[in-house]
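Enquirer: Would you mind keeping the following structure in view while I ask a few things?
The values are calculated or read from the model by the stated rules, or taken from the named source; none is laboratory data. Only a predicted model underlies this, so the values are computations on that prediction, with no experimental measurement involved. Note that each Cβ is placed from the backbone with ideal geometry, even for glycine, and that neighbours are counted across all protein chains shown. With ligands, DNA and RNA removed, areas are computed over all heavy atoms of the protein, side chains included. Shrake-Rupley method; radii C 1.70, N 1.55, O 1.52, S 1.80 Å.
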Amino acid sequence: MAELTRRGLIAGGVPLVAAAGALVHGSAARGHAAQHGHAGAHGNGGHANFRDHVAVDHVANGFDPHELVRDFDWGTTRRLPTGRVLREWTLNAIDKEIEVMPGVKFAAWTYNGRIPGPTLRAREGERLRITFNNGSAHPHTIHFHGIHPAEMDGVPGIGAGQIEPGGSTVYEFDALPAGLHLYHCHVRPLAEHIAKGLYGAFIVDPEDGREDADELVMVMNGFDTNFDRANEVYAANTVGFAYMDRPITAKLGELVRVYIVNVLEYDLINSFHLHGNLFDYYPTGTSRTPAELTDTVMLCQGQRGIAEWRFAHPGQYMFHAHQSEFTELGWQGIFEVS
Amino acid sequence: MGAVTRSLRVPAWVAGLVPLLLVAAAVAVFAALDAPGIGERVGPPVEELAVERTVLAPGSIELTLRNDGPDAVTVAQVVVNDAFAQFEGAAQPIGRLQTATVRVQQPWVEGEAYEVALVTASGGTVVHEIPAAVETPHADAGFFGLMALLGVYVGVIPVALGMLWLPWLRRIPPAWLRVLMALTIGLLAFLGVDAAFEGFELAAEGSQAFGGAALVLVGAGVAYLLLSGVSAWLSRRAAGASGTRLALLIATGIGLHNLGEGVAIGAAYSAGALALGAFLVVGFALHNTTEGLAIVAPIARQRTTLPRLAALGLLAGGPAVLGAWIGAGAYTPSIAALLFGFGAGAIVQVIITLLPSLRDDDGRVLHPGAVAGMLGGIGLMFATGLLVAA
């Protein structure tokens, strides 16, 4: 038992003992039962747990998680003399304050002013060209997952190396292999450069495509707003509870395909759990054969996978991390099926 | 010097005013030059919030915050045990030294620990620990009655019991009495050190804007000076009755100490820690019995009246009741630190006043008997203190 001094008593720093000290305890025993009841009067039906009547200013942020979830950036294309498709994007590193939870501004580093950066999407075998301009006050790179030459790897000391503020480079490689990848900055300190917002999903579609579906992208991330190397808010696509206040719509019986990417820093793993359904899970999306039929998958940092399912019943279905802590700190949402 | 002043024919009030005006001018010039060398502060705002009071009601945790830092602080969100929580209050930025209250909707469970983190607009967190959640008692008449009862149990009754040693004290030889006076000093020294340390620890917890640890020293200084003044006044009025004067001083010093003790008890009760119950009260009571002995030791050789003894007992023990009310009703760590400092300063003053009464026939103060007595007093307090810490 912890030491009990008068000082300790003031702090209340002692485990409670169910003392039989009726002398002083009599009146304190009244009314404890009521404490076990949960406070039911949540301002928004018990969905989001942020302070009532406050919301993130998506306009000021320059992006809305609801638009972002179905936003796939196919870039611009033209035919090379060989007949191959050249697909091009421009990514700019921009230092920008982002409101990551209502009322809390985070000094972020972004690709194109948004977190996550654009979901780059290409078809297997295409030639990809990404022009990177560093408009940030810090050196950055873009490191793509996938198959490419060493000098296109976007790490310091190899190829163009790290791109200093004001500098530019072009990353060019083939879209290989088909699957769900990601890209992120690879300048040290790595955790900081990633956690501040420099990442995004990178999808290479198989040559013959995938079955038509309602496609969504969820980049699981978090923000360490007080710099203690632990996250204060967790989310898919940056803003915690965003899909609780306004559910993501889905159609009954239609195939839903979610591209799930885990770029969370400061925590070993993240997870995705779906209510009321099980989904086919394709790790990294490189195989067309599902690895399992499940309702929960666990992903390490940098891991990703594709989940596919059809809703069999109308109604509201939650999805969230199955680490309850992450759920309660923002990483939860609802599918509204009709 | 006087000749120079006269030769300038400057009235005294002007001579006093000139330095003041020069200081004002210097400040004005500094401000007019836009505070050279200081300029605008760079970097993120300094966000310091002290939690001055925690009130737990069924389904809610209410925190009273004070902004200790130089910048206004906006409470953006609240996290309880790693989960965002609904809350109300503190909608506006909290200015320097201003207070605000946030009421968090939280279905807390009795006896469990909670960590409430206030997330500020800049993403910083201010963490407040609730080691064991217990409903905060309503401060109604019944509650204050209970606090009074507690104060009487730990303050008034033990002191009165201790004073029952008086008849025995009257029959022992003078040398023994000196040893008992030394014992008293030992007791008081222990209490004084104890009070000061508790004060410092509390001060570290409370709002630093009010001085932090300095509050304890300020409290001690004020108590010391006040008691010295009272003592000087008494010695003039009651010359010759030095025993009574000493007894009165000791009673006052102990009273101020018990005020701090009462604050501790009241605050502990509010925080739920007194669920430890009667055991703790008994511990305090035994601990305080020795205080009664200390009060009657100086008047062992004098005639006194029962009402006078009762008054002394009440003076020493009664403040425990007042302290319990303060602790339960208007507790902040800063006020408690100040009161503990007050108690410590009073005790130091009493010890200094008591020391001459230890003189033996050779005029020595620290004779073997006195040293043994002091060590005995410290030992006795330590031993009975263990009862409280059990």
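Enquirer: Could you order B:Leu169, B:Leu33 by accessible surface area, starting with the largest, using a probe radius of 1.4 Å?
Expert: Per-residue accessible area, sorted high to low, gives B:Leu33, B:Leu169.
Enquirer: R0 = 22 Å: FRET efficiency of A:Thr294 with A:Ser324, Cβ-based, nearest 0.05?
Expert: It comes out at approximately 0.75.
Enquirer: Can you compute the FRET efficiency between A:His275 and A:Ser168 using 1/(1 + (r/R0)^6), with r the Cβ-Cβ distance and R0 = 56 Å? Round to the nearest 0.05.
Expert: Working: r = 46 Å, r/R0 = 0.81.
Here the calculated transfer efficiency is 0.75.
Enquirer: Moving on to the next point. How many square angstrom of accessible surface are buried between B and A, both sides summed, with a 1.4 Å probe and rounding to 100?
Expert: Accessible area lost upon association: around 4700 Å².
Enquirer: Carbon and sulfur: what percent of the range B:141-385's accessible surface (1.4 Å probe)?
Expert: Carbon and sulfur: 75 percent of the exposed surface of the range B:141-385.
Enquirer: Starting from the Cα coordinates of chain B, work out the convex hull volume and express it per residue in Å³.
Expert: Considering the Cα atoms of chain B, their hull volume per residue is 221 Å³.
Enquirer: In whole Å, how far is the Cα centre of the range A:110-189 from that of the range B:323-362?
Expert: So the two Cα centres are separated by 69 Å.
Enquirer: Compare the peptides B:258-264, A:170-176, B:360-366 by average per-residue count of other Cβ atoms within 10 angstrom and give them in order, highest first.
Expert: Taking the mean over residues of other Cβ atoms within 10 Å, the ranking is B:258-264, A:170-176, B:360-366.
Enquirer: Return, ordered by residue number, the residues of the range B:295-325 whose backbone nitrogen is under 15 Å from a label point located 7 Å along Cα→Cβ of B:Arg170.
Expert: Under cut-off, by backbone N: B:296-310.
Enquirer: Put a dot 7 Å past each Cα toward the Cβ at A:Arg310 and A:Thr286; how far apart are the dots in nm?
Expert: 3.0 nm
Enquirer: With Cβ to Cβ distances under 14 Å as the rule, what net charge do the other residues near B:Ala175 carry (K, R +1; D, E -1)?
Expert: Every neighbour counted, the sum reads +2.
Enquirer: Taking the Cβ-Cβ separation of A:Lys251 and A:Leu80 as r and a Förster radius of 30 Å, what is the calculated FRET efficiency to the nearest 0.05?
Expert: E between A:Lys251 and A:Leu80, to the nearest 0.05, is 0.20.
Enquirer: Applying a 10 Å radius around every beta-carbon, put B:337-343, B:92-98 in order of their mean neighbour count, most first.
Expert: B:337-343, B:92-98
Enquirer: Could you work out the local net charge near B:Asp68, counting Lys and Arg as +1, Asp and Glu as -1, over the other residues with Cβ closer than 11 Å to its Cβ?
Expert: In short, -2.
Enquirer: Take the solvent-accessible surface of the protein heavy atoms, probe 1.4 Å, and return the percent of it on the range B:49-130 that carbon and sulfur atoms account for.
Expert: Ligands and nucleic acids excluded, carbon and sulfur reach 45 percent.
Enquirer: By accessible area of protein heavy atoms, probe 1.4 Å, what ranking do B:Arg171, A:Arg123 get, highest first? Before the final figure, lay out the partial values.
Expert: Values: B:Arg171 205, A:Arg123 105 Å².
From most accessible down to least: B:Arg171, A:Arg123.
Enquirer: If you count, for each residue, the other Cβ atoms within 10 Å and average over each peptide, how do A:104-111, B:289-296, A:179-186, B:205-212 line up from highest to lowest? It would help to have the intermediate numbers written out before the result.
Expert: Working: A:104-111: 21.9, B:289-296: 26.1, A:179-186: 24.1, B:205-212: 19.4.
So the peptides A:104-111, B:289-296, A:179-186, B:205-212, ranked by packing, come out B:289-296, A:179-186, A:104-111, B:205-212.
Enquirer: Per residue in the range B:92-111, which ones lose no less than 10 Å² of accessible surface when going from chain alone to all protein chains (1.4 Å probe)?
Expert: B:Gln105, B:Pro107, B:Trp108, B:Val109, B:Glu110, B:Gly111
Enquirer: Still on this structure: How many Å² of accessible area per residue for the protein assembly as shown, probe 1.4 Å?
Expert: Result: 43 Å² per residue.
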